[in-house]
Amino acid sequence: HGHFNELQIDVVKSTWPLLARDMEDTGCRIFITLFDLRPEVKALFPAFCDLSAHRLRESKKLQKHAVKFMNTIGFTIERLEDPDNKEATDMLMMLGAKHATIKGFDVMYFHAFNKSILQAWEGVLRQEYTLDVKEAWTAVLEFMQAKLRDGYYLYLEEHDGDLEIAEDT
């Protein structure tokens, strides 16, 4: 099964439908939690960096971004059984590379996202959020984070010279 054991796959696949029931709400919850944990991340979003937590909930731009974010998790979940996780890996590495182009984005934010996701899951699942659930999701989120980081660093390596050239002109 590649990266994940049977229990992890079962647990993640059985909880995902509950978490994905309201992608917009759950996704927004993740971002609002993240902005509480790391206020500087909010500044990376010009579209809603000035909004209060209450106004954020109603931001169409945040809702759209939150759903895209949830769909990325869903895409990975659907492919957990793939032995080499190639499709998920490729997609996550591309996404990691994309984040390397965001001015001010720090690779450490991927870790902060994982904390926010687990907090959101706990809020949605409540008593269903058991130790098994936490451990299984942590394994999946760590896999995702590793691939995002790989893509992020790969992009920076490949475009290492670009920044210096741009600054000289």
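The values are calculated or read from the model by the stated rules, or taken from the named source; none is laboratory data. Model, not experiment: these values are computed from the prediction. As a convention, Cβ positions derive from the backbone with ideal geometry for all residues, glycine included, and neighbour counts pool all protein chains shown.
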Q) Yes or no: M91 free of Cβ contacts under 8 Å to residues at least 40 places away in the same chain, more than 20 Å from D36 (Cβ to Cβ) and not charged (D, E, K, R)? A) yes
Q. What tally of residues in segment 38-59 results from selecting those that are part of a loop (DSSP other than H, G, I, E, B) and in contact (Cβ under 8 Å) with a residue 60 or more places away in the chain?
A. 3
Q. Out of segment 93-113, which residues are closer than 16 Å to F45 by Cα and surrounded by fewer than 14 Cβ atoms within 10 Å (Cβ to Cβ)?
A. T101, I102, K103, G104
Q: Give segment 133-145 a look and list any residue that's buried (at least 16 other Cβ atoms within 10 Å of the Cβ) and either free of Cβ contacts under 8 Å to residues at least 40 places away in the same chain or in contact with a strand residue (DSSP E or B) (Cβ under 8 Å, 6 or more places away or on another chain) (or both), or say none.
A: L141, Q145
Q) Which residues, counting only those in segment 4-14, are closer than 14 Å to A139 by Cα and not aromatic (F, W, Y)? A) N5, E6, L7, Q8, I9, D10, V11, V12, K13
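Let's see how each residue does on (1) part of a helix (DSSP H, G or I); (2) modelled with pLDDT of 95 or more; (3) under 18 Å from the mean Cα position of the chain (by Cα); (4) of a type in the set (A, V, I, L, M):
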site: D132; (1), (2), (3), (4): yes, yes, no, no
site: L141; (1), (2), (3), (4): yes, yes, yes, yes
site: R149; (1), (2), (3), (4): yes, yes, yes, no
site: G161; (1), (2), (3), (4): yes, no, no, no
Q.
I'd like to check something: does segment 60-78 contain any residue that is under 19 Å from H3 (Cβ atoms), acidic (D, E) and either at pLDDT 95 or above or not in a helix (DSSP H, G or I) (or both)?
A. yes
Q: Kindly indicate which of F35, F69, F75, F31 is closer than 20 Å to W121 by Cα, among the aromatic types (F, W, Y) and either surrounded by fewer than 16 Cβ atoms within 10 Å (Cβ to Cβ) or touching a Ser or Thr at 6+ places or on another chain (Cβ under 6 Å) (or both).
A: F75
